[in-house]
Every structure is written in structure tokens, then in C-alpha cells.
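The values are calculated or read from the model by the stated rules, or taken from the named source; none is laboratory data. Computed from a predicted model, the values in this text were never measured in an experiment. Here the Cβ positions follow ideal geometry from the backbone for every residue, glycine too, while neighbour counts run over all protein chains shown.
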Amino acid sequence: MSETDIVDINNQKREHPYGFKRNKFVISGLESINKAAYWDYQRERVYLKTNPVLKKGTHNRPVTVKPMVPNQIIECKRPSTCSKCGSTNIWEHNNRSSRIAVDLKFTRYGIKRWITKYLYKRYICSNCWKTFSSNIMASKSHIGTELLAYSIYQCIELRLPITTIEKSLNELFELSLGLGTISHVKTYAASTYEATFEKILMGLCNGHLLHADETKISLKNGSGFVWVFASMDEVAYFYTDTREGDYTQSLLKDFKGVLVSDFYAAYDSINCPQQKCLIHLIRDINDALYKNPYDEGLKQLAEGFTNLLRPMIETIDRFGLKHHFLKKHLPSVDRFYKYLLHLGLVTETAVKFRERFEKNKDKLFTFLNHDGIPWNNNNAEHAVKPFAMLRNIIKGVTTEKGLREYLILLSICETCKYRGLDFLDFLRSGEKDIDVFAASQQRRRRSTKIRHTSEVSENLGGLVAPLT
Ligand SMILES: [Zn+2]
């Protein structure tokens, strides 16, 4: 058996994968036959003719929507002035109307439905003839903030499909939310938190360290790329149509920190100190060694690089990423490059690696000259993972607009996690600024700590017998 007889089964495609798509038929007759096999069609038109259980299930299904009993009723006050011109000459324009606002209420160990009924009237201004209702009605949304928070938490952090969220909310709380409601909630949330996202992105573009990576996504119409920018405590995701780095470059035109990335060429033209991911380089060298086990030159190059890196990693293990301790390795980098020059490399692979080392000479050991700059791009690869999981749910289904909304909210979710903050709590707080929210959480923690300590000492006071 020769090597060409072996086939990697992972590369083999199933002949009939379970793709949930409408098939296109050349002959129209086949299309109507195919339609006759759809699940809903068969249950509602065919099987129920012979199956009594199905007959019951389809026929006696109640379709009425129960009216929602309000937990509270709020009567909106008569406004004192016209909302447009400020005149006080306003009259009632129609009789009382009402509106239902749907929300949830979080208790300590549970969630319950919370319905508010607003009673209001419309008014007309005798000065400018504008009609308007009470101020409170103008600002009130049909969906309350807790329901919004809970939906977005399920959509982004738990990565549930939007239709699943709607179904579970409707079943658990008898909400009768219409199809697409949660999709609107997502759109609304993304616009509400857009400034929060912009602040994260700007923070990253003005920081001292930036990890970058990009990955592909297929959309409803076409495909594009999602870029990840990450530091130690912030993450931002954004979308571009192509893998060209134009937008990334414009974002980073004033970046003064160190950019950590893989060897993708789009990053090269960004004008800042750069650290290329050495893990990527090590993997590439390792792969080449596997493929060319008798390439002596390549082996010497790999050994030289390993001997150069090993003591650096030991220093990082002991002291962390500190320039003060790492700078002692700078002379060995110079020695390595001299060693490379004198290696008798004959194969094309080995020569290519030498060229790669030469080309990236000032982008491989930048971490030795700085504090807190990692020598690999693991932070970015780690940040790609939550997006990759979300992508499994939304790929091929979402539009570009829908994806951009997901990315705004995912950026906020992940940044919260990086900073040790609860994403659901952040959404429920109504706060838009993550720094302000973090500070309020710290104050809360401090005050509960003080309360706990005083409780403990009081309890001890009751237990410990006084010294006599
Ligand atoms: Zn007016």
C-alpha cells in the first residue's frame, strides 16, 4: 500500500448531509412531490386521517391568548405644558386608553412575570395643534428592562437561538410575545449599548497592548470577517466585508502600544511596535520538521531557535513579563541571527524559514524590550472562542446588520467577564458605562463585607464568655 492509497476520512464529505435547506428542483413535478413529504404537511393532512391520537392533538388545541392580569396599574398624570411649544393651553383629545408593559421581576432565587398597565389620555395643544400623550408614555417601551436584560443574557452569554428564547419566555411566563420580538429587543439593546462598545474599542486602540486576530463568517447573503481586538481586560469584535486590513489600519493609525498578532500580512503595515506570535512560528517549524525529517539544516535552525527561547520562557516563569529581567536575553538574539547566517541551509523550506526570521527580525522579540507584552497571541485566540461558539448558532442565518448587533453585545459580555463582572447584572443595572458599573459593584462588595464582619463580631460577642 502506498501513501496515496490512504485517505483521511475527515476530508471526506457525506453524500447527503443533514442540511436544513429548501432543495431546488429542475422538474416542477418533483417539487410538489417533495413538498408532500414535509413534516407539518404530513401530520396535518395525511397521518391524522388514520391516527386518532394525532386527530385529537391537532383539533382541540386552544388558540385563545389569555389576557394578562396586571401586577400594577399606573395612571399617567396630565402634562402641564405642550411637548412641542410649551404652551399651557392644552385640552384632552380623547378618552382614556391603556397600554400593557411586559417585564420580569427578579427575586432572590427566582424570576416572575411582572405586568404593568398604564392608563393615559392624549392631549391637544390649542396653540400649535400638536397632539401628544403623557411624557411617561412617550418613553415607555412595551418590553421592560429586566425582560430585555434576561433575553440578551440568554442570547449572548448562553448563546440560545432567538426563537428558542421566545418560545421559553412564552411558555414559562405566558407572555405571548410575537415572532421577532426578541430580535427587535436585540436591535434595541445593540443601539442602546453602541456607545459602550465604542468606548471599549477606543480604549483598546489607545492602550499599551493589543492582541488582534480575525476569522471568517458566512452570512445570509455572502460572507465576511470578524476581527477580535483584545487586551488583558477588554475585548471588542467587529465585522468587515473583506480580510483586507484597511479598516483595522484606520482604527490603529494613532496606536502607540505593542500589537501582538499572527503572521498575516494585513498587520504588517500598521505603524507601531509589533510582536508576532512565536507559538505560530514554533508550530510552523514543527510541521516542517515532521514533513522533512532528514533536513539537517532545518533541524539545526529549529534547535538554535529552541535554545534561544527556552531560557526566556524560564525567566518569564520566574519573574513575569518584566523588561528588567528579560533584557539580559537581548544579546542571545543577536547571536542567534549570526548563527542563522552561518548555517549551511540547502533545502527550500529551510531557506524560507531563514528569510522569515530575517523579514520579521524586529517583530519577534519585542516582548524583551517592554513590560507586560506576551510572546504569543493566546489572548486573541482565547477571545475568538466565544465568537466561534456564537457563530455555530448564527452562521448562514444572520444578516450583516444582525451580526453587527451580536458583536456589539458580545464585546460587552466578554469585557464584563474579563473584568470579573456579571453580564446579566450589568444589563439589569441599566448602567451603560462598564467602569461606572465596576466601581458601584466594588462599593457594594465593600459595604456587604463591612456588614458581614460586624455581624460576625456580634455573633462572637454572644458566644464567647467574658473574661473574668
Ligand atoms: Zn403646542
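Key figures
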read-out: Residue match in segment 111-120 (condition: under 22 Å from CYS416 (Cβ atoms) and part of a loop (DSSP other than H, G, I, E, B)); value: no
read-out: Selected residue (criterion: nearest to GLU174 (Cα to Cα)) from residues of segment 100-126 that are among the charged types (D, E, K, R) and more than 15 Å from the ligand (Cβ to nearest atom); value: ARG113
read-out: Pick from segment 269-298, criterion in a loop (DSSP other than H, G, I, E, B) and under 26 Å from the mean Cα position of the chain (by Cα), ranking: modelled with the lowest pLDDT; value: ILE270
read-out: Residue match in segment 193-205 (condition: modelled with pLDDT under 95, buried (at least 18 other Cβ atoms within 10 Å of the Cβ) and in a loop (DSSP other than H, G, I, E, B)); value: no
read-out: Single condition CYS416 does not satisfy, out of (1) under 18 Å from ILE282 (Cα atoms); (2) surrounded by 19 or more Cβ atoms within 10 Å (Cβ to Cβ); (3) not aliphatic (A, V, I, L, M); value: (1)
read-out: Residues satisfying the stated conditions in segment 64-80, i.e. within 16 Å of the ligand (Cβ to nearest atom) and either part of a strand (DSSP E or B) or free of Cβ contacts under 8 Å to residues at least 40 places away in the same chain (or both); value: SER80
read-out: In segment 141-159, the residues that are surrounded by fewer than 18 Cβ atoms within 10 Å (Cβ to Cβ) and free of Cβ contacts under 8 Å to residues at least 60 places away in the same chain; value: SER141, HIS142, LEU158
read-out: Some residue of segment 248-261 being of a type in the set (Gly, Ala, Ser) and free of Cβ contacts under 8 Å to residues at least 40 places away in the same chain; value: yes
read-out: Extreme residue, nearest to the ligand (Cβ to nearest atom), among residues of segment 81-99 that are assigned to a loop (DSSP other than H, G, I, E, B) and of a type in the set (S, T, N, Q); value: SER87
read-out: Residues within segment 220-234 that are under 15 Å from GLU381 (Cα atoms) and either in contact with a His (Cβ under 9 Å, 6 or more places away or on another chain) or assigned to a loop (DSSP other than H, G, I, E, B) (or both), tallied; value: 7
read-out: Output for segment 334-352, where each listed residue is surrounded by 15 or more Cβ atoms within 10 Å (Cβ to Cβ), in a helix (DSSP H, G or I) and among the hydrophobic types (A, V, I, L, M, F, W, C); value: PHE336, LEU340, ALA350, VAL351
read-out: Matching residues, segment 299-310, being within 38 Å of the chain's Cα centre (by Cα) and loosely packed, with under 12 Cβ neighbours inside 10 Å; value: THR306, ARG310
read-out: Some residue of segment 127-137 being within 16 Å of the ligand (Cβ to nearest atom), part of a helix (DSSP H, G or I) and without any contact (Cβ under 8 Å) to a residue 60 or more places away in the chain; value: yes
read-out: Qualifying residue in segment 406-417 (condition: under 12 Å from the mean Cα position of the chain (by Cα) and either polar (S, T, N, Q) or part of a loop (DSSP other than H, G, I, E, B) (or both)); value: yes
read-out: So THR248, is it under 21 Å from SER231 (Cβ atoms) and of a type outside the set (Lys, Arg); value: yes
read-out: Test: residue in segment 83-105 that is of a type in the set (Phe, Trp, Tyr) and surrounded by 13 or more Cβ atoms within 10 Å (Cβ to Cβ); value: no
read-out: Cross-chain or 6+ apart pairs with Cβ under 6 Å, segment 83-94 first and closer than 12 Å to PHE132 by Cα, then assigned to a loop (DSSP other than H, G, I, E, B) and more than 7 Å from the ligand (Cβ to nearest atom); value: GLU92/LYS121
